[in-house]
Amino acid sequence: MNITLDRDKPIPLARQIQAHLERLIHEGLLVAGMKLPATRELAQTLGVNRGTVAEAYEELVAAGWARAHVGQGTFVAERPEAPGTSPWPPSGQTGHADPATTAPARLDWLALLSRSAQIIAAEDDRTRTLVSSAASNPAVTSFAGGMPDSGLFPTDAFRRVLNQVIREEGASLLQYYPAGGYPPLRRYLSTYLLRFGLEARPEEILIVNGSQQGFDLIARTLVDPGDTVAIEQPTYPRALQVFRSFGAQLAPVPWDAAGPRVDGFERLLERHAPKLFYCQPSAHNPTGLTLLPETGRRLLEVAGHHHVPIVEDGFDGSLYYGARPAVPLKAADAHGVVLYIGTFSKILFPGLRLGWVVGPPPILERLQAAKQLADLHTSALIQAAVHRFCERRLLDRHAARVAREYARRRALLLAALGRRMPSEVTWTEPQGGFSLLLTLPPGLDATELLPAAIEHGVAFTPGAPFFMDGAGSGTLRLSFSSVAAGRIDEGVRRLGETIKAARSRPRGRSRLEAAAVPVV
């Protein structure tokens, strides 16, 4: 136990030890029932007389902070309580106020946050807390997940290949490793991406810690404070946060049924000369839509003409609900303007944090240098295990199985919406991915609706965070991937009833409005 004693102070050493232990108990670092160090042991550690420690312990017991048991030692009290008073002091003080031992004011860490950290911290904590607590409540059907169903994970098969890889290659894989990635996995990805029309040599592939690190490295490498970044709207909220954290000015390009509006994209390029354009051409989050091939061709033409890179946040082509998977923009990239980001998080295990960036070697070299600064390299052990899993076609079998199940849940959700929703409610029909975007009747706000929905046993993700200009308050995202098929219809019924009740409520009578609580 590390207790700093100041022998130059007039405060007795026993009193200093007592005050330090009281603070540790008050702050919960020494919990009820925990045994304190033996007096001889602590005296030797602190370089004091054993009687000094014994005196400190006696004072702790007298004040109700501790209990002494003959032959056993001294223990933190279950409910410390001095006669007539509570020994628990106000936060930041010790049990007996003593100006000579008052600690300096604590460092205000939040005041030291960088501008980028303040942007990340500016999320709606209240909404996030509501959604998180609802997800852990078995009585609530949560459509807020947007993630694979962990009940479908092939954990046993992956454990076996992981054990084999450790036995056969553990010595080299557990050492520092080249930042570019495990060469057999890069070669496999070169072949894997071909099935979706994307040609990439192994040296054009950089292994990263999930897609999130992919566009973080791209932003770190390409974006300076004040640069304009064109970005689809609606879009993935984490992408908004990453680019904002690097000081970018965001310019929205609206989506419609065909994909990002090419006319709006071209006008934006002419007016603002953005540094790059970020988009999700397939399995778009939150809508689940996929851009039409003609829209993709025109986007590439415009970007090539204006020499503006496109950052394509790709979604695994195995999870699609149409006649054939969407072809990535990168597959038709004759001008070399696309950086493609892929990941195993949606099709395999999100917890692996394994993804890749495909791009021309000159920019890939700079991204690799940025990655070395960030984390040196992605786990070679995980890369090798995933390669072995894929090489044995276990990924293909798993992907086929989960694609069927997600397609079933998607169909159940769409059918339930058709039966249960009021006539003024509309929604997108996802062609890939895990989610759809629902638009509420005019005048309803999804963030305000969320508490009532959770009370009624259903949760969702409000749509506002997917937009950057104050739009989207009347939308919400429903994710079907991690909702058990048998709960989908009941969840939609509850959501429909919540919407109907809110729509029939007179203006000014909602609980949030009545309490005059602003939604931030």
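Across segment 38-49, the qualifying residues are those that are in a loop (DSSP other than H, G, I, E, B) and farther than 11 Å from Thr74 by Cα, and the one among them that is nearest to the chain's Cα centre (by Cα) is Gly47.
Against the list (1) outside any loop (DSSP other than H, G, I, E, B); (2) touching a Pro at 6+ places or on another chain (Cβ under 8 Å), the condition Leu373 fails is (2).
Residues Ala139, Ala134: which one is over 17 Å from Gln372 (Cα atoms) and part of a loop (DSSP other than H, G, I, E, B)? Give the steps one after another, and end with the answer.
Numbers: Ala134 fails: part of a loop (DSSP other than H, G, I, E, B).
Among Ala139, Ala134, only Ala139 is over 17 Å from Gln372 (Cα atoms) and part of a loop (DSSP other than H, G, I, E, B).
If we scan segment 63-72, do we find a residue that is more than 16 Å from Thr4 (Cα to Cα), of a type in the set (Lys, Arg) and modelled with pLDDT under 90?
No: segment 63-72 contains no residue that is more than 16 Å from Thr4 (Cα to Cα), of a type in the set (Lys, Arg) and modelled with pLDDT under 90.
Residues that are surrounded by 20 or more Cβ atoms within 10 Å (Cβ to Cβ) and more than 23 Å from the chain's Cα centre (by Cα) within segment 458-488 comprise just one, Ile488. Scanning segment 13-54 for residues that are of a type outside the set (Ser, Thr, Tyr) and farther than 17 Å from Trp65 by Cβ returns Leu13, Ala38, Arg40, Glu41, Ala43, Gln44, Leu46, Gly47, Val48, Asn49, Arg50, Gly51. The residues of segment 21-37 that are touching a residue at least 24 places away in the same chain (Cβ under 8 Å) and either within 12 Å of Val76 (Cβ to Cβ) or in contact with a helix residue (DSSP H, G or I) (Cβ under 9 Å, 6 or more places away or on another chain) (or both), listed by number, are Leu21, Glu22, Ile25, His26, Leu30, Val31, Ala32, Gly33, Met34, Lys35, Leu36, Pro37.
Which one of these is surrounded by fewer than 20 Cβ atoms within 10 Å (Cβ to Cβ), modelled with pLDDT under 95 and more than 22 Å from the chain's Cα centre (by Cα): Ala501, Ala514? Before you say what the answer is, go through the steps one by one.
Working: Ala501 fails: modelled with pLDDT under 95.
When all the criteria are applied, what remains is Ala514.
Filtering segment 13-62 to residues that are over 15 Å from Met1 (Cβ atoms), crowded, with 18+ Cβ neighbours inside 10 Å and modelled with pLDDT under 90 leaves only His26.
Among the residues of segment 389-431, those identified as touching a residue at least 60 places away in the same chain (Cβ under 8 Å), part of a loop (DSSP other than H, G, I, E, B), out of contact with any Pro (no Cβ under 8 Å at 6 or more places or on another chain) and farther than 30 Å from Gln164 by Cα are Met421, Thr428, Glu429, Pro430, Gln431.
The single condition among (1) part of a strand (DSSP E or B); (2) within 22 Å of Asp375 (Cα to Cα) that Gly181 does not meet is (1).
The set of residues in segment 247-273 that are in a strand (DSSP E or B) and at positive phi contains only Gly259.
Count of segment 229-239 residues, restricted to those that are more than 13 Å from the chain's Cα centre (by Cα) and either in a helix (DSSP H, G or I) or not β-branched (Val, Ile, Thr) (or both), is 4. With the condition kept exactly as written, say whether any residue in segment 275-290 is of a type outside the set (Asp, Glu), in contact with a His (Cβ under 8 Å, 6 or more places away or on another chain) and in the same structural domain as Arg238 (by TED's automatic domain parsing). Scanning segment 275-290 turns up at least one residue that is of a type outside the set (Asp, Glu), in contact with a His (Cβ under 8 Å, 6 or more places away or on another chain) and in the same structural domain as Arg238 (by TED's automatic domain parsing).
Only one entry in Ile166, Ile119 is of a type in the set (Val, Ile, Thr) and modelled with pLDDT under 95, namely Ile119.
Considering Leu276, Leu289, Leu268, the condition of being closer than 23 Å to Thr475 by Cα and not hydroxyl-bearing (Ser, Thr, Tyr) is satisfied by Leu289 alone. Checking the stated criteria, Thr447 turns out not to satisfy the condition of being surrounded by fewer than 19 Cβ atoms within 10 Å (Cβ to Cβ) and among the hydroxyl-bearing types (Ser, Thr, Tyr).
The values are calculated or read from the model by the stated rules, or taken from the named source; none is laboratory data. Being a predicted model, the structure only gives us computed values, none of them experimental. Positions of Cβ are backbone-derived with ideal geometry, glycine not excepted, and every protein chain shown enters the neighbour counts.
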